[in-house]
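These notes concern the structure reproduced below.
The values are calculated or read from the model by the stated rules, or taken from the named source; none is laboratory data. Just so we're clear, the structure is a prediction, and the values are computed from it rather than from any experiment. Don't worry about glycine lacking a Cβ; one is built from the backbone with ideal geometry, like all the others, and counts go over all protein chains shown. We work out accessible area using only protein heavy atoms, side chains counted, and drop any ligands, DNA or RNA first. Shrake-Rupley method; radii C 1.70, N 1.55, O 1.52, S 1.80 Å.
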Amino acid sequence: MKITKIKIENYRLLKQFLIDLEEIMSLVIGKNNTGKTSLLTVINSFLNGSEKSRFSFDDFNIDFKNELKSLIERNLPLESDYKPIGIKLKLFIEYDESDDLTNISRVMMDLDPDNKTIILGYEYHLTYDALERIKTKYSEFQTKEAAKRTENQNYKIREVYDFLKIYQSDFFKSNRKSIEYDKINDKENDDVYIDLDSEKISTKEIINFKFISAKRSVTNKENDKTLSTQTSEIYNQTEKTDEQNEQIEKFKDELISTDYTLSTIYESLFENVVEKVRKFGGIRNDDSTISIESSLQHRELLSGNTTVMYKHNDTTLPEYNNGLGYMNLISMIFEIEIKIQEFKKSKLERPSDINLFFIEEPEAHTHPQMQYVFIKNIKSILNQGITREDGDNRKLQTVITTHSSHIVAESNFDDIKYLKKREENSVISKNLRQLEKEYVDSGEEENYRFLKQYLTLNRSELFFADKAILIEGDTERILLPAIMKKIDQESSDNPLLSQNISIVEVGAHSQVFEKFIDFIDLDKCLIVTDIDSNYDEIILEDDGVTIKRHKNGNAKTKSIKCIANNPNASYTSNNSLIFFHKNNNDINYYKNLSFDWKILRKNRKKQWVSNRKGKLLLVYQTEEDSYHARSFEDAFFKINRDFILENNFPSITKKWLKKYRNNEINEFTLAEKGIEKKPPFAIEILLNSKISSDGLKYFINWQIPLYIKEGLLWLKQ
């Protein structure tokens, strides 16, 4: 038995929200403020919260607040046209023949053996009767506010939102339902249901929800004994499961024996004070006679007198001497153990059919390697489920939320649920399986496999970025932070280095990422690539006159690299440009393409088209000083000739550098033949960079190629 999906309405950013859950573990990721914590709190509020403190007005989605405002301020609708509105939670539960149906049989709506889905609905809503009453109450509220204003002209009249903050809990009420599932259309039928409250049917035996919050109390202060306190909790829960009764009984026997010894000592130790109490208290003799006896309790003894120590070489040190990251990890493991013991329940109780466990941001205070270790090991713990000595075992269904790219990198791609903002007041959940389907449907299964491997091994931070820069190679990767700093120095508005921008090296494969870019809906994505201009040259026989030909008689040719404004240049070999511009490889098209036409967006047919309001920009070399470079290196050489010739560049072959100095070759030839390895060249640019005399500006002695500068200025906006 498992929860297959969760549907939420009108709770904070979860306006119309649907998320699918995996059987064992679901990894929920997304940028800040995309509803990850809200998912936890709304489930906990409905399943574990009290009626009075369940929700506040601030929990209402903003659009729902506006809807509620209109209902209260306008004429009362017909009862037949009204459906109760409010915060709603629906749990879609799926079972099979192997499951014990004792508990869920009470909430089944359909006896069709092929329909194995049950929907439990939880609502915090406003009924029609409550709407009538709240409108009346608001009218009275307005009258009182007007009277206050009459008495005091400076009084600020409170509006409907102020009214709702005070009184909404008087009119919104909770309700639980089992809702009919329409198997044919795969949706709920809200009009057909069992009212679980009126029928007095509990859902506690069906679903048990527990969580570990991101707001953990671990510190490494000397007086903090969080871990030691947790050992007591683990002990308490373990005793409930009756798994260590023999050891517990031995523990109690020892305590009773110690009680006798200590009571004798106490009798002598407190003799004077006991006598004083006897003399000064009471009306009759012995009215206030007391004795002080030892009453060691095994629970309290563990709670106050156990200390978690950790080993360091040949000694042990108390928990607060450990690093905060290790303490957080240990505390989380303790907390997981406590929750699992709670899920088991006591020997006289049966575990719930579904046990939903939520772990929020396990990466807190931990370094990347520890995050890798956690997510690897947590799977083995979760896969064990809830194991009891009596054999009444259950599966554990877990949801983990995270901001950690390291945890994502070690997770199963299919487990990932990506939350993204759809509009200002709403977020949606997307499965990575949906992305896989897009690639498969378009015949790009290999591209998806590459993307999956690349993201999990290298660049999972893309999931959490607001903007991204896709670059080809090492040169751009090394230099881009410096280039961004140079641009930020020119204008302090929206500095690039203060934005959430992910730089990803993709080689010549940026087109592989196009569906992923669209899927995660980046605010902006900049692709920095090369124009890769070429022309074809006919191949001659050894005599230098006769043309080599194929069997079909066509002349054999070879591709020749050249600068883009070479008269012979005819096409680009850059796969990214060709892909994003509809298989067009005409070099003149790219040379003449204006900046606005390089900005792209997807149309309804899922095709990339030019649109100045688009979120994707491809930049490549443009003409500068009557020279149209083919690559970054020759573009850099052209505008930084003095910088190259006046500084030390061991990565540039002396022979070709000398020819360049003597104007025997151009920048293109120097880039093609003079640089053996590009990363050392990029590093040498940084090593030869200078700082302004006032120390406020860096990299002042070289210029940025125009195409990169234009792209970054667009990204910066």
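Numerical summary
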item: Meets criteria (under 30 Å from Gly49 (Cα atoms), more than 36 Å from the chain's Cα centre (by Cα), of a type in the set (S, T, N, Q) and modelled with pLDDT of 95 or more) for Thr136; result: yes
item: Unique match (being open to solvent by less than 40 Å² (accessible area, probe 1.4 Å), in contact (Cβ under 8 Å) with a residue 40 or more places away in the chain, in contact with a Ser or Thr (Cβ under 7 Å, 6 or more places away or on another chain) and of a type in the set (A, V, I, L, M)) among Leu68, Leu120, Leu131; result: Leu120
item: Only one of Phe17, Phe46 that is at pLDDT 95 or above, in a helix (DSSP H, G or I) and either buried (at least 21 other Cβ atoms within 10 Å of the Cβ) or out of contact with any helix residue (DSSP H, G or I) (no Cβ under 7 Å at 6 or more places or on another chain) (or both); result: Phe46
item: Residues that are among the aliphatic types (A, V, I, L, M), open to solvent by less than 70 Å² (accessible area, probe 1.4 Å) and part of a loop (DSSP other than H, G, I, E, B), drawn from the stretch 77-106; result: Leu101
item: Failed criterion for Glu363 (all others in (1) modelled with pLDDT of 85 or more; (2) assigned to a loop (DSSP other than H, G, I, E, B) hold); result: (1)
item: Hits in the stretch 330-352 - residues which are of a type in the set (Gly, Ala, Ser) and outside any loop (DSSP other than H, G, I, E, B); result: Ser331
item: Selection within the stretch 110-123 - assigned to a loop (DSSP other than H, G, I, E, B) and in contact with a Phe, Trp or Tyr (Cβ under 7 Å, 6 or more places away or on another chain); result: Asp110, Asn115, Lys116
item: Residue list for the stretch 459-483, filter: within 24 Å of the chain's Cα centre (by Cα) and in a loop (DSSP other than H, G, I, E, B); result: Arg459, Ala465, Asp466
item: Selection within the stretch 113-171 - of a type in the set (A, V, I, L, M, F, W, C) and in contact with a Gly (Cβ under 6 Å, 6 or more places away or on another chain); result: Leu126
item: Filter pass, Val42 being β-branched (Val, Ile, Thr) and in contact with a Ser or Thr (Cβ under 9 Å, 6 or more places away or on another chain); result: no
item: From Ile93, Ile87, residue being farther than 30 Å from Lys135 by Cβ and modelled with pLDDT of 95 or more; result: Ile93
item: Residue match in the stretch 21-36 (condition: open to solvent by 40 Å² or more (accessible area, probe 1.4 Å), under 15 Å from the mean Cα position of the chain (by Cα) and over 19 Å from Gln168 (Cα atoms)); result: yes
item: Residue in the stretch 554-565 that is touching a Lys or Arg at 6+ places or on another chain (Cβ under 6 Å), surrounded by fewer than 18 Cβ atoms within 10 Å (Cβ to Cβ) and within 28 Å of Glu623 (Cβ to Cβ) present; result: no
item: Candidates Ser411, Ser426 - the one that is in contact with a Phe, Trp or Tyr (Cβ under 9 Å, 6 or more places away or on another chain) and either in contact (Cβ under 8 Å) with a residue 12 or more places away in the chain or buried (at least 17 other Cβ atoms within 10 Å of the Cβ) (or both); result: Ser426
item: Some residue of the stretch 484-498 being under 23 Å from the mean Cα position of the chain (by Cα) and open to solvent by 10 Å² or more (accessible area, probe 1.4 Å); result: yes
item: Selection count where residues are surrounded by 14 or more Cβ atoms within 10 Å (Cβ to Cβ), among the basic types (Lys, Arg) and either touching a helix residue (DSSP H, G or I) at 6+ places or on another chain (Cβ under 6 Å) or free of Cβ contacts under 8 Å to residues at least 12 places away in the same chain (or both), scope the stretch 434-466; result: 1
item: Scope the stretch 401-447; condition within 16 Å of Ser460 (Cα to Cα) and β-branched (Val, Ile, Thr); matching residues; result: Thr401, Thr402, Ile407, Val408, Ile416
item: Criterion violated by Phe699 - all others in (1) in a loop (DSSP other than H, G, I, E, B); (2) hydrophobic (A, V, I, L, M, F, W, C); (3) farther than 30 Å from Asp466 by Cα satisfied; result: (3)
item: Spans of helices (runs of 4 or more DSSP H) in the stretch 628-696 with at least 2 residues at pLDDT 95 or above and buried (at least 22 other Cβ atoms within 10 Å of the Cβ); result: 632-639, 678-687
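This table checks each residue for (1) free of Cβ contacts under 8 Å to residues at least 12 places away in the same chain; (2) under 44 Å from the mean Cα position of the chain (by Cα).
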position	(1), (2)
Leu616	no, yes
Asp625	no, no
Glu633	no, yes
Lys654	yes, no
Glu664	yes, no
Lys678	no, yes
Leu713	no, yes
